[in-house]
Amino acid sequence: MATERENHREDVAGRANVEDTPELLAYYDQLEGFHAGALWTVANKIEPWAPKSRSVPIVWRYKDLRDHVVRSVDLVTPEKAGRRVIYLNNPGRQDVAAAVGWIYAGLQVMNPGEVAGAHRHSASAIRFIMEGRGAYTVVDGHKMTLGANDFVLTPNGTWHEHGVSADGSLCLWQDGLDIPFVNAMEANFYEVHPDLNQAVGYAVDDMTRTWGNPGLTPYGESWRKGYSPMFKYEWAPTYEALTKYAGCTDGSPFDGVMMEYVNPVTNGPVMQTLGASMQMLRPGEHTRAHRHTGSYLYHVAKGRGHSIINGKRFDWAERDIFCVPSWAWHEHVNASDREDACLFCLNDLPVMRALGLYREEAFGDNGGQQPLL
Ligand code: GTQ
């Protein structure tokens, strides 16, 4: 395992260490003219000792952003904007519009009675409901009603549209998509629904009612698509599951009591490219620091506390969103001695695991990083 010191040493045997000479510089110019280059001029950059994320750890505070997001309601219509969204723009990832790594995220807002038309794309999406009554999403003709902390999937290639019923209230939610990843793969297609809105063809919430029953699967039904048929995961059963599990486990020293959302047919991730989990930090809990590959976007579903990411402290409260870039040290602290805190996490772990790129490491034995700030 490369240490931090080794990461900065590029002059070791076996690593590129060629000094520029006028002759070499002229040679590089010549190669460039033929769209070629000498590997030793880039080798140490393109083959780092350990992952070097360009993403910056950030917390997006809801108290700072909410009013700005709501302002967009007066500025643009969903018809004109397609999706009325303010996206999270990581300073290290502006070129690909990512919140962290290859994950895009945004805050979408909708008034009662508004609808954002149906479309489909190669990117997969989730939405995590933040506030409001009456929000719904339609996925391939299945309508899902959505409340706070519910989490809904719109997988790769599915038609989807969002709206708020006329008797609802102003709704805000977090979108999370693998747009930057699919663009990096140069595989993104996009299509608008010919009728602009889909016909609802099933009983409301049928997919969760069919596939979302603990320990039971519908007799005689089959599902072979690459994503979960349980399009919506509700907050109440999620919190109940965490509470039950917390009653009989010590949890992980690094993550507290954590559960992954799964495809009930495979027990694997909810979609092929995006995974999600919810973790409970018990009152006063301070997790041990570790790091792993993959990009992680946390949404504070409940409570308040802070996380130390690469030595820097980030305070968070309910509805704040923060990111942990690949291979960044991180530990979480629940600030309350009485209440638990819950963190929803969207990540690209399914990609890391499927491609054999997942790796993790604990931070020594001292139980935590020393915050620099
Ligand atoms: O709702 O389908 O924030 O396609 C960005 C792109 C949301 C969506 C976003 C999208 C959507």
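A few comments on the model shown:
- Residue match in the stretch 60-83 (condition: surrounded by 15 or more Cβ atoms within 10 Å (Cβ to Cβ), in contact with a Ser or Thr (Cβ under 9 Å, 6 or more places away or on another chain) and either aliphatic (A, V, I, L, M) or modelled with pLDDT of 95 or more (or both)): no
- Test: residue in the stretch 256-263 that is small (Gly, Ala, Ser) and within 23 Å of residue 176 (Cα to Cα): no
- Residue in the stretch 112-137 that is nearest to the ligand (Cβ to nearest atom), counting only those that are under 26 Å from residue 167 (Cα atoms) and touching a helix residue (DSSP H, G or I) at 6+ places or on another chain (Cβ under 6 Å): 116
- Test: residue in the stretch 170-189 that is out of contact with any Pro (no Cβ under 8 Å at 6 or more places or on another chain), farther than 30 Å from residue 55 by Cβ and either within 16 Å of the ligand (Cβ to nearest atom) or of a type in the set (Lys, Arg) (or both): no
- Single match in 256, 251, 294, 268 (criterion: at positive phi and within 18 Å of the chain's Cα centre (by Cα)): 294
- Flag if residue 258 is in contact (Cβ under 8 Å) with a residue 24 or more places away in the chain and outside any loop (DSSP other than H, G, I, E, B): no
- Meets criteria (surrounded by 15 or more Cβ atoms within 10 Å (Cβ to Cβ), modelled with pLDDT of 95 or more, not in a loop (DSSP other than H, G, I, E, B) and not aliphatic (A, V, I, L, M)) for residue 176: yes
- The residues of the stretch 53-98 that are more than 16 Å from the ligand (Cβ to nearest atom) and within 14 Å of residue 325 (Cα to Cα), listed by number, are 53, 54, 55, 56, 57, 58, 59, 91, 92.
- The listed residue being within 20 Å of the chain's Cα centre (by Cα), more than 24 Å from residue 275 (Cβ to Cβ) and buried (at least 19 other Cβ atoms within 10 Å of the Cβ), out of 109, 152, 182, 164: 109
- The lone exception for residue 316 - which of (1) farther than 18 Å from residue 53 by Cα; (2) out of contact with any Gly (no Cβ under 8 Å at 6 or more places or on another chain); (3) hydrophobic (A, V, I, L, M, F, W, C) it fails: (2)
- Condition met for residue 197 (within 16 Å of the ligand (Cβ to nearest atom) and either more than 20 Å from the chain's Cα centre (by Cα) or part of a helix (DSSP H, G or I) (or both)): yes
The values are calculated or read from the model by the stated rules, or taken from the named source; none is laboratory data. Computed from a predicted structure; not experimentally measured. A quick note on method: Cβ atoms are made from the backbone with ideal geometry, for glycine too, and the neighbour counts reach across all protein chains shown.
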